[in-house]
Amino acid sequence: MATSTITLKAQCLCRAQTFTATVPVSSLPLKGSSCHCTSCRHVMGALRSSDAVWPGPRENIVTAADATAAAAKGDDGAPVLKRYAHSPRVNVLFCGRCGSGLFFEEWENADEVRQFPDKASYLVFTGVLSVEGEQNKSQSSPLPPVVRFEDHMFVGDTLDGGAACWLRGMNGEGQPATRIWLGRRNKSEEVPLGTIWPALENQPTYEVNLKEVEVEKGTVPIRCHCGGIDLVLHAGEAQREYAEKQRRGEELPWFVDPVTHKLLGSLDACDSCRIAGASEVYTWTFAQLKYISFAGADPCGFPENTTQLRAAISTKESRDPRFGEISFYASSSDVQRYFCGRCSATLFYAVDERPDIVDVAVGLLDSPDGARAESALAWSFVKKMGSRNDMIATWREGMLYAVEKELEEFRIGRGYPKSWRRIALEQAEEAAKSQ
Ligand SMILES: [Zn+2]
Ligand SMILES: [Zn+2]
Ligand SMILES: [Zn+2]
């Protein structure tokens, strides 16, 4: 007989913060919603925030956050659940050690915040949500969905549709499509089903962009919500130098589009990125650190490799103030995840085997053309998402296939050619078949 209850777990990447909720199976799926507003993108580092009402007790959440707020500034290494005022009536609660966002703490209106602290509601970030026991992937079929994503809100803020263009079907095949609103649900214009994004038709396609970029200065700010991260990505300079490299007959790095020489954007299905970034299918681009600088009047001197970066940030005395609130968490012996220690925004993923390159969280890019920053980035997706095995045999398996299908539709719709990696892969498959 099927069990009648299920235990949901909200847990950060370093596991210092764990909250559980045991709920009747019949109460699932939870209603999920994504917000694509400019604030959410800059507090997450993802192209959206994604949450559902937390069905578990609130007391231990409040206790952990209050204890952190009351603690002296001196760092004794104890796990902390930090609060950051995302707006006058919404706090983000996140793990101070690893930076994973966990909850929105939200009041109906700003006046209530001081007067009625116990009137807050708690929304869990769906990226940190798992089912107890789900990790032992013994199931032969996917679990039923734990969250049904109802809608995408404030997609108008993205200008270009952002990630909503890929996540209409994220509930999986045969499940209801996720509705897209330009602003708040039921109070703004809705993007009709069957349309990817109204403004896309008027936007330059991949081909047109190609000519335009040559004349662009091509600098893109990398900024978190609180201002504790204030950097610049010199995408135009990178693009010119990669073009030059190609003319000289040198090999291009794997993360550079060989036609436009733009940096590639990518969606990742990996569990660690989902948890660290607190939302499913995390969006990254890639950059050599030499193309990243500080913002402001004195931009020079940003580390050119991750060894230097890690050392500069770890320095307690005489730390360069231009690093602002940048912190990192070593999620394994050779991986560092950089984030804002004040507002929780994900910044970089770095792995020791490629010390001059970081993955950059796309949600922090402030590009005038839109959230996907297509003037600087090329989104010629590979057909299968990176680390997709992490989603298989979990309740997110249906989401995986649905998003991959939409990514392909998006690629074709936007006129992106197949990436060279994919072409190589397909050629290898063909060759294997004909043998
Ligand atoms: Zn943590
Ligand atoms: Zn938002
Ligand atoms: Zn910040």
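Compute the Cα gyration tensor for segment 248-374, then decide on rounded, prolate or oblate, letting a ≥ b ≥ c be the square roots of its eigenvalues: rounded whenever a/c is under 1.5, prolate when a/b is larger than b/c in the other cases, and oblate in all that remain.
It is rounded, given that a/c, with a ≥ b ≥ c, falls under 1.5.
Can you return the aspartates and glutamates within cross-link range of Lys119? Criterion is Cα-Cα under 19 Å, with same-chain partners fewer than 8 residues away left out.
Within the straight-line cut-off, Lys119 pairs with Asp51, Glu59, Asp66, Glu105, Glu106, Glu108, Asp111.
Starting from the Cα of Lys187, draw a straight line to each of the aspartates and glutamates and keep only those under 16 Å, dropping any in the same chain fewer than 8 residues away.
Glu150, Asp151, Asp157
What is the percent carbon and sulfur in the accessible area of segment 293-435, measuring with a 1.4 Å probe over the protein chains and ignoring ligands?
With neighbouring chains kept in place, the figure for segment 293-435 is 53 percent.
Show which aspartates and glutamates lie in cross-link reach of Lys418 when reach means a straight Cα distance below 13 angstrom and same-chain residues fewer than eight apart are skipped.
Asp257, Glu408, Glu409, Glu426
Please state the shape class of segment 245-310: rounded when a/c is under 1.5, otherwise prolate if a/b exceeds b/c and oblate if not, all from the C-alpha gyration tensor.
oblate
Using packing as a proxy for protection, rank 294-304, 12-22, 392-402 so that the peptide with the highest average count of other Cβ atoms within 10 Å comes first.
392-402, 12-22, 294-304
For segment 215-279, which whole-number percentage of the solvent-accessible area (1.4 Å probe, protein heavy atoms only) is attributable to carbon and sulfur atoms?
Carbon and sulfur atoms account for 48 percent of the accessible area of segment 215-279.
Return the subset of Lys262/Lys405; Lys31/Lys383; Lys245/Lys383; Lys9/Lys31 for which the Cα-Cα distance in this structure is over 20 Å, preserving the input order.
Those over the limit are Lys262/Lys405; Lys31/Lys383; Lys245/Lys383.
Name the most mobile residue of Leu28, Leu347, Leu264, meaning the one with the largest mean-square fluctuation, in a Gaussian network model of the chain with Cα contacts below 10 Å.
In the Gaussian network model the winner is Leu28.
Kirkwood Rh, the chain, all Cα pairs: how many Å?
Evaluated over the chain, this radius sits at 22.5 Å.
Kindly provide the helix-only [θ] at 222 nm of the chain, computed as the sum of -39,500 (n - 2.57) over DSSP H runs of four or more divided by all residues, to the nearest 500 deg cm²/dmol?
Mean residue ellipticity at 222 nm (helix-derived): -6000 deg cm²/dmol.
What accessible area per residue, rounded to a whole number of Å², is obtained for the chain using a probe radius of 1.4 Å?
Result: 45 Å² of accessible area for each residue.
The values are calculated or read from the model by the stated rules, or taken from the named source; none is laboratory data. None of the values given here were measured: they were computed from a predicted structure. A quick note on method: Cβ atoms are made from the backbone with ideal geometry, for glycine too, and the neighbour counts reach across all protein chains shown. Heads up: the accessible areas ignore ligands, DNA and RNA and are worked out on the full protein's heavy atoms, side chains in. Shrake-Rupley method; radii C 1.70, N 1.55, O 1.52, S 1.80 Å.
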